[in-house]
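One structure is given here, and the rest of the page talks about it.
The values are calculated or read from the model by the stated rules, or taken from the named source; none is laboratory data. These numbers come from a predicted model, not from an experiment. Here the Cβ is made from the backbone with ideal geometry for all residues, glycine too, and neighbour counts use every protein chain on show.
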Amino acid sequence: MKIECLRSHVVSGGLTFPIYIGFAKAEDIERDAMAPAFTRETPNQQIAENITSQPVKDWQRPIDMERVEGIANTFNNSGGLMPNPVLLSNNAFFHGVKITPNDVHSYATNTFTVDIEEDTPPEQKSLWILDGQHRILGLSKS
């Protein structure tokens, strides 16, 4: 999947983080991104211990399928639109994202192409869904 993006930066604690803003279909995001979630059976102690290691693994709550189905039903053939943003990041345990500047005749356009590797095993998708896992799944089903 390729996403054309604008880029900005956020500075925090003396570190600079690039932020990319782009548009993609929910079904494309669902294919290439995952929400690193613990399961309903994960003991509370394990969840608590997990957040003390970096990078944190499996911090998202499990998917609520009733919520996903509600979103899908709301937008099924309705002609409606949910322009709410979702937050994505690189999967800290997998490197499948390449970002390149877009140039036109050697002039910088201030846009970037984010190229996400698609052929990944389900447990190692290139992107993490930080916020919006229910919206992505619901919209991809509508």
Quiz item: Looking only at the stretch 6-30, which residues are surrounded by 19 or more Cβ atoms within 10 Å (Cβ to Cβ) and over 14 Å from residue 86 (Cβ atoms)?
Solution: none
Quiz item: Which residue out of 37, 33, 72 is surrounded by 10 or more Cβ atoms within 10 Å (Cβ to Cβ), farther than 21 Å from residue 126 by Cα, at pLDDT 85 or above and in contact with a Lys or Arg (Cβ under 8 Å, 6 or more places away or on another chain)?
Solution: 72
Quiz item: Which residues, taken from the stretch 92-137, are at positive phi and either touching a residue at least 40 places away in the same chain (Cβ under 8 Å) or surrounded by 12 or more Cβ atoms within 10 Å (Cβ to Cβ) (or both)?
Solution: 110, 132
